[in-house]
Amino acid sequence: MKMNGIRVRKIIREALNEDIGNGDLTTESLVPANHRSQALFIAKQSGVIAGLPVIQLVFEELDTNCKLDYLIEEGEEVERGTAIARITGSTRAILTGERVALNLIQRMSGIATITRQVVKQLEGLECRVLDTRKTTPGLRILEKYAVRIGGGTNHRYGLSHGVMLKDNHIAMAGSLAKAVEMVRSRVGHMVQVEVEADTLAQVEEALTLEVDAILLDNMDIPTLKQAIQLIDGKVWTEASGGITPETVRGIAETGVDAVSLGWLTHSAKALDIGLDFEQEMRNE
């Protein structure tokens with residue numbers, strides 16, 4: 001699973017600058033510059049680990065001689081107490097980068113864990129689990145990566161990655177037909193157009209237009225089933241809005257191609273991970 005290294009490094013630098021400011025007063029007062037140490041990242045609860053390449057970059061940013069050894073595979077499900085990685089290098093770098101590294105891997109692992117749980121709930125169904133743009137500002141690339149690690153699929157990354165016509169867009173255009181006509185005249189045939197529908201009448205109208213996908217928004221299961229029958233495979237379908245862990249399986253069983261879940265990123269609880277020194281600090 002690849003990420004844009006330049007963008008990730010920019011996120012890391014901004015996070016380190018925010019945390020360190022003019023210097024790590026505690027560490028620089030207590031630890032000689034030539035101290036080296038070894039420490040373990042430990043999962044304090046069970047879950048899916050995502051973000052090992054990111055924490056490696058955190059420590060490399062502080063000291064290029066820091067080395068991170070993976071003790072598990074990225075995306076592996078681990079039990080509480082599992083050692084997931086070992087960091088070896090400058091003690092100052094390890095202590096100074098600890099909080100930023102933990103913040104990032106805890107956040108990403110929490111997202112990967114909840115995504116994996118939903119994916120497992122839909123086993124046996126041909127229904128994808130999608131994320132949304134409801135991400136932490138500035139961290140979208142990391143959070144969407146974590147969704148992929150958890151087994152989910154990324155929806156459009158940003159506003160330039162596809163057309164999504166929602167109720168406010170349709171209102172501005174005057175009608176759904178006019179909105180579709182306007183975007184089709186601007187974006188060309190290579191760009192997919194998805195429209196939001198929250199009634200069966202809107203679904204029927206959308207099917208008469210040049211659209212590639214329909215987002216079935218906040219529909220109950222009986223209405224969803226009717227919508228899927230109307231669409232009959234003519235376009236790609238996505239269910240969204242009000243979906244909970246308790247209802248997601250039933251919604252997926254209606255035959256939609258995907259379910260999109262904002263809470264994968266906006267409400268995921270960070271996975272508890274700690275950093276414990278493994279060897280006594282030493283001078284070199």
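The values are calculated or read from the model by the stated rules, or taken from the named source; none is laboratory data. This one's a predicted model, so the numbers in the text were calculated from it and none came from an experiment. Note that each Cβ is placed from the backbone with ideal geometry, even for glycine, and that neighbours are counted across all protein chains shown. Heads up: the accessible areas ignore ligands, DNA and RNA and are worked out on the full protein's heavy atoms, side chains in. Shrake-Rupley method; radii C 1.70, N 1.55, O 1.52, S 1.80 Å.
Beta carbons closer than 7 Å, at least 6 apart along the sequence or on distinct chains, pair a first residue in the range 35-59 that is over 15 Å from residue 92 (Cα atoms) with a second that is among the hydroxyl-bearing types (Ser, Thr, Tyr) and in a strand (DSSP E or B) for 52/70.
Evaluating residue 216 against the criteria (1) in contact with a strand residue (DSSP E or B) (Cβ under 7 Å, 6 or more places away or on another chain); (2) farther than 22 Å from residue 118 by Cα leaves one unmet condition, (2). For the range 1-38, filtering for residues that are part of a loop (DSSP other than H, G, I, E, B) and of a type in the set (Val, Ile, Thr) leaves 1. Answer yes if at least one residue in the range 131-141 is part of a strand (DSSP E or B), of a type outside the set (Gly, Ala, Ser) and without any contact (Cβ under 8 Å) to a residue 40 or more places away in the chain, and no otherwise. So far as the range 131-141 goes, no, none of its residues is part of a strand (DSSP E or B), of a type outside the set (Gly, Ala, Ser) and without any contact (Cβ under 8 Å) to a residue 40 or more places away in the chain. Would you mind finding the one in 111, 94 that is in contact with an Asp or Glu (Cβ under 6 Å, 6 or more places away or on another chain) and in a helix (DSSP H, G or I)? The conditions single out 111.
Restricting attention to the range 71-88, report how many residues are out of contact with any Lys or Arg (no Cβ under 6 Å at 6 or more places or on another chain) and within 23 Å of residue 15 (Cα to Cα). Residues meeting the conditions: 5. One residue stands out among those in the range 103-134 that are of a type in the set (Val, Ile, Thr) and out of contact with any strand residue (DSSP E or B) (no Cβ under 8 Å at 6 or more places or on another chain): the one that is surrounded by the most Cβ atoms within 10 Å (Cβ to Cβ), which is 111.
Within the group 145, 157, which residue is under 29 Å from the mean Cα position of the chain (by Cα), aromatic (Phe, Trp, Tyr) and open to solvent by less than 30 Å² (accessible area, probe 1.4 Å)? First the steps, then the outcome.
Working: 157 fails: open to solvent by less than 30 Å² (accessible area, probe 1.4 Å).
From the options 145, 157, the qualifying one is 145.
When only residues in the range 1-52 that are of a type outside the set (A, V, I, L, M), open to solvent by less than 80 Å² (accessible area, probe 1.4 Å) and in contact with a Phe, Trp or Tyr (Cβ under 9 Å, 6 or more places away or on another chain) count, which is farthest from residue 66 (Cα to Cα)? Among those residues, the one meeting the criterion is 51.
Within the range 39-58, work out how many residues are part of a helix (DSSP H, G or I) and touching a strand residue (DSSP E or B) at 6+ places or on another chain (Cβ under 6 Å). Lay out the reasoning, then the answer.
Applying the first criterion (part of a helix (DSSP H, G or I)) to the range 39-58 yields 52-58.
From what is left, the residues that are touching a strand residue (DSSP E or B) at 6+ places or on another chain (Cβ under 6 Å) are 52, 56.
Selection size over the range 39-58: 2.
Selection of the range 244-274 for residues being surrounded by 20 or more Cβ atoms within 10 Å (Cβ to Cβ), touching a helix residue (DSSP H, G or I) at 6+ places or on another chain (Cβ under 6 Å), of a type outside the set (S, T, N, Q) and outside any strand (DSSP E or B) yields 264, 268, 271.
Of all the numbered requirements in (1) open to solvent by less than 60 Å² (accessible area, probe 1.4 Å); (2) in contact with a helix residue (DSSP H, G or I) (Cβ under 6 Å, 6 or more places away or on another chain); (3) in contact (Cβ under 8 Å) with a residue 24 or more places away in the chain; (4) in a helix (DSSP H, G or I), residue 179 misses one, and that requirement is (3).
Could you tell me how many of the residues in the range 66-78 are more than 13 Å from residue 273 (Cβ to Cβ) and open to solvent by 60 Å² or more (accessible area, probe 1.4 Å)?
Pass one, the range 66-78, residues more than 13 Å from residue 273 (Cβ to Cβ): 66-70, 73-77.
Next cut, open to solvent by 60 Å² or more (accessible area, probe 1.4 Å) only: 67, 70, 73, 76-77.
Number satisfying all stated conditions: 5.
Within the range 212-243, take every residue that is in contact with a helix residue (DSSP H, G or I) (Cβ under 9 Å, 6 or more places away or on another chain) and not in a helix (DSSP H, G or I) and give me the one that is nearest to residue 189 (Cα to Cα). The residue in question is 235.
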